[in-house]
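J.: My questions will all concern the structure given below.
The values are calculated or read from the model by the stated rules, or taken from the named source; none is laboratory data. Computed from a predicted structure; not experimentally measured. Here the Cβ is made from the backbone with ideal geometry for all residues, glycine too, and neighbour counts use every protein chain on show. Heads up: the accessible areas ignore ligands, DNA and RNA and are worked out on the full protein's heavy atoms, side chains in. Shrake-Rupley method; radii C 1.70, N 1.55, O 1.52, S 1.80 Å.
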Amino acid sequence: MINRVSTASQYQNLTSNLMRKQGELNQTNGQLSSGKRVETAGDDPVSSVTIQNYRQQLTQIDQYNGAITLANNRLQTMETAIAGVEDNLGATKQKVLGMINGAMASSDRTAFKDELISLRDGLLELANSRDEAGNYVFAGNQSDTKPFMESTDGSMDYHGDSQSRYAQIDKSVNVKTSLPGDQLFTDVPNNYGDFRPVFSDKTATAGGLTDGSKLHLLSATTSDFSSAEAIEVSFNEVDVAAADGTTTKEMQYNLTVGGKVVAANQAYDSEQGIVYKDPVAADSATLNLKFGDISSGDNISLKPAQTINIFDSIQSAIDNAERPTSSPAAEANLQRVIDDLDSGFVHMNQQRSEVGTIMQQVDRQQEQHLDFELTLKQAQSGLEDLDYSKAIMDMNQQMMALQASQQAFGQTKQLSLFNYI
């Protein structure tokens, strides 16, 4: 049986073949132009799904890198501010040390007072530092609230909160980008332990430091701060008779806790200090107090306090700046300020170290992101990018096939039965 192939059917087949080859050539040209082997899901459905996953991960890494940039900016601002605070405290300490010099004239002390006021104002400016976005660095989560403001009595009130802001720099990694101001400036560890000394000059009606006294507190701790009460200690040097009839000088103390005299006329051991525990209450706290340069007749008060406000300490130096150099209480208060400034400097250095540790963590996380990003891009490129050598060879073959098809189509189109009649 002879099958008949119509001219129309033959023409349609040749046309379809031409269109298919032209489409293949156009696709190859498009790939060469874009450099991509997979441009749509239809090009390679399996690879397309993996490529989309890579793109999502790369987008997430970009977001984390943006958070890292923001975190670094805030941390650098905070680190710079804390470094400025350290410099400020160091300069303030030098001024207070100069004020303790008894040879200073009253005009010199007035000048030092003015400088202390300037340093305190500079410290306040640092405490109210802002980042590049205008947010207060040391206000906790209240970033739009000015953290420190001076009250009518000259003290500095904190208006932020005790929280820290965080930035997410990886799926399960959050880092601090701020430190609350109370942690830095108003909760500085007390250099003496659990109590703060209160000095006053001795008068005819009130106890205090005797003329020329150099008494200072070395340490004051309790085993249970929750039960701590105000303490008062007085010292008197007395003659003690020995068995052989000779007498020796002995420094004795009287200890008052919570307004109640708990020890009287006890010998003071300069090595051990005062160690007291209520003999009646078995679970009572143990007090450990040590003093230096005691003079007979000295009286000192201690109030419970585990932390100090560095602004209050500087204000104390300002308040005592112009007091007479003959006042032992004024000198003792200035010495206490120096101890506070030392404690404040150590505290700020620790806070700065914490910021530095966070910055190192952020840098390490950024390096990990960069390494992972490079790995993802290489894997994505292996699936998505075009092999130019293979694509050019394919294009040449497709062009030759298209030309051959075009020639065959042209010859077939000229065929007619009239050519054979």
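J.: What list of ³J(HN,Hα) couplings, whole Hz, do you get for region 250-258 from phi and the Karplus terms 6.51, -1.76, 1.60, once you set θ to phi - 60° and write x for glycine and proline?
T.: 9, 7, 10, 10, 10, 10, 10, 10, x
J.: For Lys176, list the aspartates and glutamates whose Cα falls under 18 Å from its own Cα; do not include residues on the same chain fewer than 8 positions away.
T.: Glu79, Asp131, Glu132, Asp144, Asp161, Glu354, Asp363
J.: Report in % the part of the accessible area of region 185-273 that belongs to carbon and sulfur, leaving out ligands and nucleic acids; probe 1.4 Å.
T.: Summing carbon and sulfur atoms, their accessible area is 46 percent of the total for region 185-273.
J.: A follow-up question, please. Considering only the other residues whose Cβ falls under 9 Å of the Cβ of Gly160, what net charge follows from Lys and Arg at +1 and Asp and Glu at -1?
T.: -1
J.: Let me ask something additional. Give the aspartates and glutamates whose C-alpha is closer than 14 Å to that of Lys277, dropping any in the same chain fewer than 8 places away, or say none.
T.: Asp224, Glu229
J.: With each pseudo-label sitting 7 Å past Cα toward Cβ, what's the Asn349-Leu218 distance in nm, one decimal?
T.: A separation of 2.2 nm, rounded to one decimal place.
J.: Can you check what the net charge comes to around Thr77, using other residues whose Cβ is under 12 Å from the Cβ of Thr77 (Lys, Arg +1; Asp, Glu -1)?
T.: Counting the neighbours of Thr77, the net charge comes to -1.
J.: Charges only on Cβ, +1 for Lys and Arg, -1 for Asp and Glu: so what's the dipole of region 160-291 about the Cα centre, in debye to the nearest 20?
T.: The dipole magnitude comes to about 480 debye.
J.: Let me ask you something else. For the pair Gln306 and Glu367, how long in nm is the line joining their label points, each one 7 Å along Cα→Cβ?
T.: Each label point lies 7 Å from its Cα, and together they span 3.8 nm.
J.: Given a Förster radius of 51 Å and the C-beta distance between Met149 and Leu374 as r, what FRET efficiency does 1/(1 + (r/R0)^6) yield to the nearest 0.05?
T.: The computed FRET efficiency comes out at 0.55.
J.: Could I ask something else about it? What ranking, highest mean first, results for peptides 261-273, 57-69 when packing means the other Cβ atoms within 10 Å averaged over each residue?
T.: Ranked by mean Cβ neighbours within 10 Å, highest first: 57-69, 261-273.
J.: Moving on to the next point. Tell me, how many Å apart are the Cα centres for region 149-179 and for region 316-384?
T.: Centre-to-centre (Cα) distance: 14 Å.
J.: Using the charge dipole of region 183-292 (Lys, Arg: +1 at Cβ; Asp, Glu: -1 at Cβ; taken about the Cα centre), state which of Ala230, Thr248, Leu209 has its Cα farthest towards the positive end.
T.: So the residue we want is Leu209.
J.: Oh, and also: Along region 206-222, what does the Karplus equation 6.51 cos²θ - 1.76 cosθ + 1.60 (θ = phi - 60°) give for ³J(HN,Hα), rounded to whole Hz, x for Gly and Pro?
T.: Karplus-based 3J(HN,Hα) across region 206-222 equals 9, x, x, 8, 6, 4, x, 5, 10, 4, 8, 8, 8, 7, 8, 10, 9 Hz.
J.: Which far-off residues, 5 or more places away or on another chain, put their amide H under 5 Å from the one on Arg196, with H placed in the peptide plane?
T.: Lys303, Ala305
J.: What are the residues whose amide H is under 5 Å from the amide H of Val262, where those residues sit 5 or more places off or on another chain and H is modelled from the backbone?
T.: Leu255, Thr256, Val257
J.: By how many nm would the segment from Asn101 to Phe225 grow when fully extended, if each residue of separation counts as 0.36 nm and the alpha-carbon distance is taken off?
T.: Numbers: separation 124, 0.36 × 124 = 44.64 nm, distance 3.60 nm.
Working it through step by step, the gained length comes to 41.0 nm.
J.: Grab the other residues whose beta carbon is less than 13 angstrom from that of Met149, score K and R as +1, D and E as -1, and report the net. Don't skip to the end; give the middle numbers.
T.: On the way: positive: Lys146; negative: Asp121, Glu125, Glu150, Asp153, Asp157.
Neighbourhood net charge equals -4.
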